[in-house]
Structure formats: structure tokens, C-alpha cells
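Working notes, structure below.
Read-outs: derived from the displayed coordinates by stated rules, not from any lab. Computed from a predicted structure; not experimentally measured. So basically every Cβ, Gly included, is an ideal-geometry build from the backbone, and we count neighbours across all protein chains shown.
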Amino acid sequence: MGGINIVDTAAMLMLTLGGGVRHAVEVYRQLQWLQLELQPGGSLYLNGVYVVGKGTNSVVFKCRPAVGSVQLACKIRRADASRTSLAREGQFLYLANSVGVGPKLYTYSKDVVVYRYVEGVFLEEWWRGAVVEAKRSVVEQLLTEAFSLDKAGVSHGELARLEKNVIVEKDRAVIIDFESATLRGGNNVTQLANGLMRLGLKLPLDELRRYKKCLCREEFVKILRFFLNQL
């Protein structure tokens, strides 16, 4: 790794991931194998290191390929994580990408998932200052992507919590964090609708009940119109 030396990288990993030298060395080996370099940066100051974010099972760093300058995000498993691997998340992000959803997957390993870095703000913050036309566009985009996931049989699992799972970049929404995803598809539109309710929109209860039974475009269009007519 050419940018940050092994000592600096190991220190970053030990300070943020826990688990001491053993876990840091194992993650460092995976980063080498994936030909990636970690970069300090982000809004969260974690034990002396600026990172993009921290979750129950992982820490997200800025990173880049060892050769090239594309800006990436490296999601790395914490030593105390309840999950033994992040590879499953990488697989689900790949499936989501196949129907046009989520940040573009770059690569993944047992403890590292790498995807395009999304430069934006979380949906809840963006929503407070957005104009109506932009809100309509984002709501339509999110519901359409949720429908695509339903048809693909992939359940994100956390779309009722839009404030933590959607970043808006240049007025385009990006669904992130497929850590809880499963192949029990069919509930993305319903969960996302509940997330929109938390932003102040009313739910089309009858249409959602019918949609849950058929997962059909006809009922989806009715749900979409119901939400858009509120904006």
C-alpha cells in the first residue's frame, strides 16, 4: 500500500475496530489482497481517527484503489461484531446493483465490503431543506427502487428507517447498508412507506394491503400516486 504505511494503517484499524493486533493484521491482509488503501476522513471522530461512520458491526472508512484515484468507501467488520463475516452483505449489494439499487459495489472479502463513496447527507437532514419538486423526485425514485427489489426477491430489511439507510447525493437518493438483507422479498415497498410516514406523509393503507398480496405494478402505481399527491 503506497499512500499510508503499514504502521499507520494498523494503528487506524486497532483504534477503531477493536480486537487488538490480531484482528488489525487480518483486516490489513485483506486490504492488501483487495489492493486498497485506507484514507483518514469523514465527519465522525473515533478514538483519534476521522471515519465516515460507525455501526453495531462495522466501521466505514474512506479508501481508494492502490492504483488509481477513485473515491471508495470501505466498510470493515469490527472485532466485536455479532456477524462473523460481511461477505453476505457484499453479495446482497451485488444483487441490488443488478436492478439499479445501491452504491456500486467495487469488491468484497470476509471482513471488508467496498463500494462507491457517496458524497451527500442522510435523507432526514436533506428533507428538512428540500423543495417540493426535489422531494417528489426522491420519493418516486425510492419507491421505484423498493419495487425493483421486491420483484428481484431481495428484502433490504431496514427501509422503515430511512434516516439511517438513505443518503441523498445531488438530489438523488442512494439506498445503503444491505447488512440485514435477505432473500425474503416482497416487503421493501411496505417498509419504505412506513419510513415515509416518519417524514410526515400519510400511508395508503388499503393499497399497501392489496400490494402485499400481489406485488403487482397496478397496486404499486396507486401507492406511488398516493404519496406524490401529498407533495
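Is the shape of the stretch 96-231 rounded, prolate or oblate, going by the alpha carbon gyration tensor and its root eigenvalues a ≥ b ≥ c, with a/c under 1.5 for rounded and a/b larger than b/c for prolate? Verdict is oblate for the stretch 96-231. Using Cα-Cα distances under 8 Å and only pairs 6 or more residues apart, what relative contact order does the stretch 176-231 have, in percent? Computed over the stretch 176-231, the figure is 30 percent.
Too long at a 26 Å Cα-Cα cut-off: which of Lys110/Lys164; Lys54/Lys222; Lys164/Lys213; Lys62/Lys202? Beyond 26 Å between Cα atoms: Lys54/Lys222; Lys164/Lys213; Lys62/Lys202.
Net charge near Lys62: determine it from the other residues with C-beta under 13 Å of the C-beta of Lys62, scoring Lys and Arg +1 and Asp and Glu -1.
On the way: positive: Arg64, Lys75, Arg116; negative: Glu37, Glu119.
The answer is +1.
Relative to the longest principal axis of the Cα atoms of the chain, the long axis of helix 188-197 makes an angle of roughly 80 degrees. Principal-axis analysis of the Cα atoms of the chain puts helix 20-34 at an angle of about 70° to the longest axis.
Quick check: the angle from helix 132-152's long axis to the longest principal axis of the chain, C-alpha only, nearest 10 degrees? Helix 132-152 sits roughly 80 degrees off the main axis of the chain.
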